[in-house]
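Taking it in order: structure first as structure tokens, then the write-up.
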Amino acid sequence: MTALYLSLGANQGDRKKALETAAEYISERIGRIVQASAVYETEPWGFDSNNLFLNQVLCIDTTLDAVDILDLTQQIEIEMGRATKSSNGVYSDRVIDIDILLYEDLKISDTELTIPHPLIWQRSFVYGPLLEIAPQ
């Protein structure tokens, strides 16, 4: 099993339910959730919106490879109603956002996937919950 860390964020609709539903899908399709941070309410990052986010970080034991995980997280986002992905630093409100933060000691950097996530330390709504469950 490999330790995978995912961040979840939602700022549209029933935000709490969106995090719960995403966690259920992740548990069913990607692996067993072994730790979950508290849920934090945060301001939008990188864009203006009146809608606050709920954010959480999960640690998952998985046997899947990183590319399969990316495909599955994007599929979950679509199934939950996310119509478009952020691109080129243009962010918007979203029903759910799932980002791969860390995958053991794996390092990947290509156009589709970068691990570790390049913006972890710029986003307090990510690194705070991450440090809560993985202080190392």
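The values are calculated or read from the model by the stated rules, or taken from the named source; none is laboratory data. All values reported here derive from a predicted model rather than from experimental measurement. Methodologically, a virtual Cβ is constructed for each residue, glycine included, from the backbone with ideal geometry; neighbour enumeration extends over all protein chains shown. Just so you know, the surface numbers come from the protein's heavy atoms only, side chains and all, with ligands and any DNA or RNA stripped out. Shrake-Rupley method; radii C 1.70, N 1.55, O 1.52, S 1.80 Å.
Would you pick out the residues in region 47-72 that are aliphatic (A, V, I, L, M), part of a loop (DSSP other than H, G, I, E, B) and modelled with pLDDT under 95?
Result: 52, single match.
Taking the criterion of being surrounded by fewer than 18 Cβ atoms within 10 Å (Cβ to Cβ) and either closer than 16 Å to residue 117 by Cα or charged (D, E, K, R) (or both), the residues of region 47-65 that qualify are 48, 61, 65.
Look at region 103-120: where a residue is within 13 Å of residue 4 (Cβ to Cβ) and a partner is among the basic types (Lys, Arg) and open to solvent by 100 Å² or more (accessible area, probe 1.4 Å), sitting 6+ places away or on another chain with Cβ atoms under 9 Å, you get 115/107; 116/107. Just for region 79-120: of the residues that are open to solvent by 70 Å² or more (accessible area, probe 1.4 Å) and within 28 Å of residue 135 (Cβ to Cβ), which one is modelled with the lowest pLDDT? Once the filter is applied, the top-ranked residue is 118. Selection within region 1-46: residues that are over 16 Å from residue 98 (Cβ atoms) and part of a loop (DSSP other than H, G, I, E, B). The member of this set that is least open to solvent (accessible area, probe 1.4 Å) is 44. The set of residues in region 121-133 that are under 13 Å from residue 56 (Cα atoms) and either open to solvent by 80 Å² or more (accessible area, probe 1.4 Å) or hydrophobic (A, V, I, L, M, F, W, C) (or both) comprises 125, 126, 130, 131, 132, 133.
Look at residue 75 and say whether it is open to solvent by 80 Å² or more (accessible area, probe 1.4 Å), at pLDDT 90 or above and either out of contact with any Pro (no Cβ under 9 Å at 6 or more places or on another chain) or part of a strand (DSSP E or B) (or both).
Numbers: open to solvent by 80 Å² or more (accessible area, probe 1.4 Å): yes; at pLDDT 90 or above: yes; either out of contact with any Pro (no Cβ under 9 Å at 6 or more places or on another chain) or part of a strand (DSSP E or B) (or both): yes.
Here the answer is yes, as residue 75 does meet what is asked.
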